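For reference, the structure discussed in these notes is given below.
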Amino acid sequence: MIRKKLIAGNWKMNKTAADGVTLTKDIVAEIGRETAVDIVLCPPFTALESVGRVLEGQAVKLGAQNMHPEKGGAYTGEISAEMLRGLFATHVILGHSERRAYFAETDAFINKKVLAVLANQMKPILCVGETLAEREAGTTLAVVQRQLEGGLQGVTKEQITSVIIAYEPVWAIGTGKVATTAQAQEVHAFIRDLLTKLYGDPLAQKVRILYGGSMKPSNAPELLAEKDIDGGLIGGAALEARSFIDLVKAAVAAG
C-alpha cells in the first residue's frame, strides 16, 4: 500500500500575519504546485486568513493548530470548526503534547475535538506520544495506546481514513534530539497494528502516520524511507522556507 506522503508545518506561537504571508509566499514560489506529496501549513489563528489568501489556487493546504469542540457559545478566546471552515482550513492539529502538558487537555476532551473536526468535513491530525519519563519507565507503547484509543472513540470505519496520526516523542521536540529511525518505526508500526485491530487491515493501511519529533532535512530521508512513516509534523524546521521546502523535497524523493 503506497500512501501519499504528507508534510505539515506547525508554526506554533510564531509569526505575525505579515510574517506568515512572507514565509508562505517564499514556500509556494517553489513548491506551491507540488502534488506528489500533500503539504499543509498551520499558522496561528491570527494568520490563518492572510496565509489562506496566499494559498488560493495553490496545492498547499491550510491547517489550524487547535480547535474547541463546541459549535459556539460562551467560550472566550476559543475557535470553532465552523470558523475554521469559513477560512477554508482543511486540517486541524489536535492533542499536541504542548496542549496536553500546558493546558491539561485530556484524551476525552481531545476526542470531542476529533469528532467535531470530522463532522465538519475537515481532517484531524491527532497527536500521540510519550514524555522522557514515560519512555525511561518503559511505558511508551501503553501511553500511545491509551492516547490513540481515547482519541479515536466513536470514530467510524467510514471516517478513519480521514484521520491523520502524528507520533511525537515529547522528549524529541524542540530539544534537537531525535528518536533513532528504529525507535520511530517501532512506534509507527505499533500504531498501525492498533489501527488494524480497531478498523481492520485494509483501512489501517490507508491511514497516514506522521513523525513529529524534530524532523529536519538531514534526518528526513532515513526516517521517510521507513514503511510506516508517512511524513512529518514539522515544528522548528517549518519556520524557515528553505528547510521546509527541503523537507517537502525529501518526501517527494521518498515516494
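Figures for the structure shown
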read-out	value
Matching residues in the stretch 6-27 - criterion: being open to solvent by 20 Å² or more (accessible area, probe 1.4 Å) and in contact with a Leu (Cβ under 8 Å, 6 or more places away or on another chain)	14, 15
Conditions (1) outside any loop (DSSP other than H, G, I, E, B); (2) loosely packed, with under 15 Cβ neighbours inside 10 Å; number of the one not met by residue 92	(2)
Hits in the stretch 112-158 - residues which are within 23 Å of residue 10 (Cβ to Cβ), of a type in the set (S, T, N, Q) and open to solvent by 20 Å² or more (accessible area, probe 1.4 Å)	120, 121, 131
Test result for residue 200, among the small types (Gly, Ala, Ser) and surrounded by 21 or more Cβ atoms within 10 Å (Cβ to Cβ)	no
The stretch 153-168 residues that are basic (Lys, Arg), paired with ones that are open to solvent by less than 60 Å² (accessible area, probe 1.4 Å) (beta carbon under 7 Å, 6 or more apart)	157/199; 157/203
Unique residue being crowded, with 18+ Cβ neighbours inside 10 Å and in contact with a Lys or Arg (Cβ under 9 Å, 6 or more places away or on another chain) when the list is 165, 173	165
In the stretch 176-192, the residues that are open to solvent by 20 Å² or more (accessible area, probe 1.4 Å) and under 16 Å from residue 3 (Cβ atoms)	185, 189
Test for residue 224: is it buried (at least 23 other Cβ atoms within 10 Å of the Cβ) and in contact (Cβ under 8 Å) with a residue 12 or more places away in the chain	yes
Candidates 20, 32 - the one that is without any contact (Cβ under 8 Å) to a residue 40 or more places away in the chain and touching a Pro at 6+ places or on another chain (Cβ under 8 Å)	20
Breaking point among (1) without any contact (Cβ under 8 Å) to a residue 40 or more places away in the chain; (2) farther than 20 Å from residue 169 by Cβ, for residue 217	(2)
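The values are calculated or read from the model by the stated rules, or taken from the named source; none is laboratory data. Predicted model only: the values in this text are computed from it and were never measured. No Cβ is skipped: glycine too gets one built from the backbone with ideal geometry, and neighbour counts run over all protein chains shown. Remember, those area values only see protein heavy atoms, side chains included, never the ligands or the DNA or RNA. Shrake-Rupley method; radii C 1.70, N 1.55, O 1.52, S 1.80 Å.
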